[in-house]
Ligand SMILES: Nc1ncnc2c1ncn2[C@@H]1O[C@H](COP(=O)(O)OP(=O)(O)OP(=O)(O)O)[C@@H](O)[C@H]1O
Ligand SMILES: [Mg+2]
C-alpha cells in the first residue's frame, strides 16, 4: 500500500491550471524524484500535499487516510514535513532554536527542554552542530539549506518533501546533501525530492515523476525516465545533461 497517494490533483489559480489531474504515489522508505521544467507545477504539487494550498479537485491520501481537506499543521502531526524553495527560517532565533521550534510541532510534540536536546541531535546529523548557537543571518547558503532540512527532520516525519534543497550549491555540497537525503531513506522515511539538477536526483531516486505544464508526463525508474524521448523533448529538445 502506498504511504502517499495523490489522485487527480487539480489546482487552478484564477483561470490558470497549475495542476491538471496529477497522480503520484509514494511507498514507505522510497525516494521519489519530482522533476520538470520551470513552472511545470512541482512546488504547487508539494504545497497541495503539505496542505498549504487547497486543491481545486482530486484527493490526497496519506497512511490510509483522506487528508485532502486537512490543514497543514495537522498534516505535520500526521507525519508530513516539507522544506521551502526559498528557506524560511525564523530570523530572530538561533539555529538550534529554529530546529527546536519545529520539533515542538511535529509528530511527537515535545516540551521545550526535550526539543532543544532533539535539535542538537538533528544539527549533528546534518553537520551544523558547530553553528547551533549562531544567528541564522550568519549562515552561508549551504548552511541555510541544510538548516531547512534539519527543521523538516525535527518534525520526525514519515514523509519529507524537499523543494530544491540543493539549488545553488557547489558540487561537494551537493554530494553531501545527496548523502544526507539517502540517509533519511535508510532511516525509513519516504522522500519526495524536487530538483532541477536531474542527474543529481536520478543518482539517489528509486523512482521519478516528470511533470510538464501541470500534467504527468512520465514516471518510472530514473533510467526509464531519462531515456524517455518525451522527457528529453520537454526539457531541452535535446539530451538531458543537467
Ligand atoms: N500563488 C500563485 N498564484 C498564481 N499562479 C501561481 C501561484 N503559484 C504558482 N503559480 C503558477 O502555477 C504554475 C506552476 O508553478 P510552480 O511554482 O508550481 O512550478 P515549479 O515546477 O515549481 O517551477 P520552478 O521549477 O520554477 O520552481 C506556474 O505557471 C506559476 O506561475
Ligand atoms: Mg518550484
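Values quoted throughout were computed directly from the atomic coordinates according to the rules given, and no laboratory measurement underlies them. As the structure is a computational prediction, the values presented were derived from the model and not from experiment. For neighbour counting, all protein chains shown are included, and Cβ atoms are generated from backbone atoms with ideal geometry for every residue, glycine included.
Annotations
- Between segment 104-160 and segment 166-242, the C-alpha centres lie 25 angstrom from each other.
- With coordinates expressed along the principal axes, the C-alpha atoms belonging to segment 1-158 extend over 45, 32, 26 Å, beginning with the largest.
- Using the Cβ-Cβ distance between residue 59 and residue 224 with R0 = 30 Å, the FRET efficiency computed as 1/(1 + (r/R0)^6) comes to roughly 0.70.
- Value of D in µm² per second that Stokes-Einstein yields for segment 1-64, Kirkwood Rh from Cα pairs, at 10 °C (1.306 mPa s): 131 µm²/s
- Inverse mean reciprocal Cα-Cα distance (Kirkwood Rh) of segment 156-199, Å: 10.9 Å
- For the chain, built as a Gaussian network whose Cα springs stay under 10 Å, the top-fluctuating residue of 107, 12, 59: 12
- For the peptides 41-48, 25-32, 149-156, 206-213, the ranking by mean Cβ contacts within 10 Å, running from highest to lowest, is 149-156, 41-48, 206-213, 25-32.
- Cα pair distances in segment 148-236, grouped into 10 Å bins until the bin that holds the longest one, percent each: 15, 47, 31, 6
- The spread of Cα positions in segment 90-129, taken along each principal axis and listed from longest to shortest, comes to 23, 23, 16 Å.
- Distance cut-off 16 Å, percentage of C-alpha pairs in segment 83-158 lying past it: 39 percent
- By the Stokes-Einstein formula, at 1.567 mPa s and 4 °C, segment 94-242 with its Kirkwood radius over alpha-carbon pairs has D equal to 78 µm²/s.
- Counting only DSSP H runs of at least 4 residues, each contributing -39500 (n - 2.57), and dividing by the residue count of the chain, the helix-based mean residue ellipticity at 222 nm comes to -10500 deg cm²/dmol.
- Sorting 141, 128 by the number of Cβ atoms found within 10 Å of their own Cβ, with the fewest placed first, yields 141, 128.
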